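The values are calculated or read from the model by the stated rules, or taken from the named source; none is laboratory data. Bear in mind that the values here come from a model prediction, so they are computed numbers and not experimental data. As a convention, Cβ positions derive from the backbone with ideal geometry for all residues, glycine included, and neighbour counts pool all protein chains shown.
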């Protein structure tokens, strides 16, 4: 250290005396960067990234002399510097050269001397320009009509505020519920001017204060389809009951035909893209004068778009006795292959508008009537009555009653005299006051085939003996066994219901007389020791002898709900347990027996014989969701198909 000081003093003395020696020692002040010190060390793989605004630091010597830093020739802001450390911010790179993408861009990092021109350091670096803009990738389908959903896919699409079809705007409040940042569902709006059966439509999307994405292009187009009717000359007048056939293009899109204020029935099996047939109803009231002239209008799309087919169409409204209905076929409820109790059935044919009700009769004594729920010239619908006897599929004669009492026999149909409902969901609620999905699906009403909320269970009340503080004297509140003074009528007055509970991650189907856990969720309204009234017992159908029947349950092919006459339900409530081959457990794909005990069930609460089974059913587990335990925020849900009988005993 002393030597350095002496050297410095000698050099100073020489300069002071005006030495002219040319080999004077001058201190080196050029910046030097240690390349290994760059932080963050952004790389090509993207495992370490740098973005616009990222602060990059390096160490070295004389870094206080650095006059300039550039990234791919774009000046970077120097944040701080001293003799050993330099910190700068990655600048925003020009978008035309560096568009947003997932992979990093290779760039050159340069450090300059104090003159801001002499490069003292070159280094290969990587900068990521992230995808933050709304970016369009594709859309589908390429054709559609008003109300059809167009799916637009891309990135960050949750920023889109509206989509425009040939100038007609659709705001994001109208997007489909399943829209996300990766895809939005947009309904084709009404009001678009069309030309012919197919019109090419330009679609754009707006985001970020007016920025526009082109959805369609020269190579990717969208065609709006609309019905177009061929010109025709109408008859001078039509009569009630007449049929008309129209031709054109895209006529399969037509959803309604109207004349004046009346809906005209479209013949379902006579509607194609090229033609459709409709009838003038016979129940149009007689006018004075009887000849009425009004427009014939076709409707299509959602919301309905109207097309005037004829400005003037004259109908003679003179009353005519309706023609006898002609039967074609009977169609079960949508999504079902057979006709079950409580489901709506569609009877198809001609001259159906005058049908008032149907009668179903069987050789074993059934004779039940069903009022029509809707009717037009080509179809009539009714709900299958639930007072059809038996447990096995049987043939019944279907008779139409029309025009004030006329009867026409339509032939035989097969009816399954039990209930079958797909896609039911049951949840586990944590408190009566919550409004989450689980609480809205807390209790399963077996006779109705629907789940209800905890509040509805309480308000009805479904089980008055459990749901009121003032208990009926004839009902014992402990486990709800009926005492000697209770009657069968009181017991059966409570329709069978069930629910689920969850504890420590184990979801369990419960019978009301087995557990009060769900009922206790009603809070202070229900005493903590109160159990529900009906005795509902379960077991899992795991025995190899029942494999064939279990397969029928899964496929929706059960023909006799009481086929397994020797099977009695156990006493244990079945709990969720993956891979369990146990009557007291269930998993995804399991089939559960569910039985409602009669008033005669013994004091032990067990079903000891088939005579003690009031009603029987089967549950097929099709989905199990969000079953992670009973912590706050969990919302366990089980989805299943349910078979359920009328009373057997």
query = Of the residues that sit in segment 433-456 and are touching a helix residue (DSSP H, G or I) at 6+ places or on another chain (Cβ under 7 Å) and at pLDDT 75 or above, which one is surrounded by the fewest Cβ atoms within 10 Å (Cβ to Cβ)?
reply = 453
query = Could you give every pair whose Cβ atoms fall below 9 Å, whose first residue belongs to segment 31-52 and is in the same structural domain as residue 113 (by TED's automatic domain parsing) and on the phi > 0 side of the Ramachandran plot, and whose second residue is at pLDDT 95 or above and surrounded by 14 or more Cβ atoms within 10 Å (Cβ to Cβ), counting only separations of at least 6 or pairs across chains?
reply = 46/104; 46/126; 46/128
inquiry  = Among the residues in segment 254-263, are any at pLDDT below 95, over 17 Å from residue 151 (Cβ atoms) and touching a helix residue (DSSP H, G or I) at 6+ places or on another chain (Cβ under 7 Å)?
reply    = no
remark   = Filter segment 214-228 for residues that are surrounded by 20 or more Cβ atoms within 10 Å (Cβ to Cβ) and touching a strand residue (DSSP E or B) at 6+ places or on another chain (Cβ under 6 Å); the one that is nearest to residue 273 (Cα to Cα) is 227
ask   = Which of the residues that make up segment 197-211 are surrounded by fewer than 16 Cβ atoms within 10 Å (Cβ to Cβ) and at pLDDT 95 or above?
value = 198, 199, 200, 202
message = Condition first: part of a loop (DSSP other than H, G, I, E, B), modelled with pLDDT of 85 or more, closer than 30 Å to residue 563 by Cα and outside the structural domain of residue 510 (by TED's automatic domain parsing). Can you find one or more residues in segment 372-385 that meet it?
response = yes
task = Please state which one of 280, 192 is more than 30 Å from residue 292 (Cα to Cα) and surrounded by 15 or more Cβ atoms within 10 Å (Cβ to Cβ).
result = 192
key: Test: residue 400 is at pLDDT below 95 and crowded, with 18+ Cβ neighbours inside 10 Å   = no
task = For segment 245-253, indicate whether the set of residues that are part of a strand (DSSP E or B), touching a strand residue (DSSP E or B) at 6+ places or on another chain (Cβ under 9 Å) and closer than 17 Å to residue 350 by Cα is non-empty.
result = yes
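Can you name every residue in segment 32-58 that is under 18 Å from residue 113 (Cβ atoms) and surrounded by fewer than 16 Cβ atoms within 10 Å (Cβ to Cβ)?
Of everything in segment 32-58, those that are under 18 Å from residue 113 (Cβ atoms) and surrounded by fewer than 16 Cβ atoms within 10 Å (Cβ to Cβ) turn out to be 32, 34, 35.
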message = For segment 236-248: of the residues being over 10 Å from residue 276 (Cα atoms) and touching a residue at least 40 places away in the same chain (Cβ under 8 Å), which is surrounded by the most Cβ atoms within 10 Å (Cβ to Cβ)?
response = 240
request  = Would you mind telling me which numbered condition in (1) closer than 30 Å to residue 187 by Cβ; (2) surrounded by fewer than 18 Cβ atoms within 10 Å (Cβ to Cβ); (3) touching a residue at least 24 places away in the same chain (Cβ under 8 Å) residue 374 fails?
outcome  = (3)
query = Of all residues in segment 635-649 being crowded, with 16+ Cβ neighbours inside 10 Å and over 25 Å from residue 557 (Cβ atoms), which is modelled with the highest pLDDT?
reply = 637
